[in-house]
1. Percent relative contact order of the range 21-108, based on C-alpha pairs within less than 8 angstrom and at least six residues apart?
2. Rg(Cα) of the range 21-108 divided by 2.2 N^0.38 Å?
3. Mind giving me the nanometre distance, one decimal, between the label points for residue 25 and residue 44, set 7 Å out from Cα along Cα→Cβ?
4. Run through the DSSP bridge list for the range 21-108 and note the antiparallel percent, rounded to the nearest 5.
Amino acid sequence: MALFRRRKRAGAVSRDRAADRADLAHLENFIRTRRGVEAYLEPRTTVTETTVMLIADDGEWTRRRIGSPDEARRWAHKLAIPIYDVRLMGYPQRMRDYNERRKRRPELF
């Protein structure tokens, strides 16, 4: 008996998706247009696939999916930016400071 089986509706779209070229293009544009960008590898969760968070020197950040941890490392190496595992390093204080500034003065962002 399959009481808890879910059926997908025809044409239903999953909330999660794999990384695509648009994700990488967004990340690469962020790197080109910001200074001091570092990458932080975020592990796969039950909700999302592996993601990369890029954090600029002023704390501005963006996040997108990436295929795998190995792919993320190769990608960061190719673009000559440092990459850290967020489980080991945590997030930098400048990102938290940026988020706090955005909260206090949203009209500036």
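Readers should treat all values here as calculations from the given coordinates under stated rules, not as data from a laboratory. Remember, predicted model here, so these are calculated numbers, not experimental data. Positions of Cβ are generated from backbone atoms using ideal geometry, with glycine treated the same way; all protein chains shown enter the neighbour counts.
1. 28
2. For the range 21-108, the normalised Cα radius of gyration is 1.08.
3. For residue 25 paired with residue 44, the spin-label model returns 2.6 nm.
4. In the range 21-108, approximately 75 percent of DSSP beta bridges are antiparallel ones.
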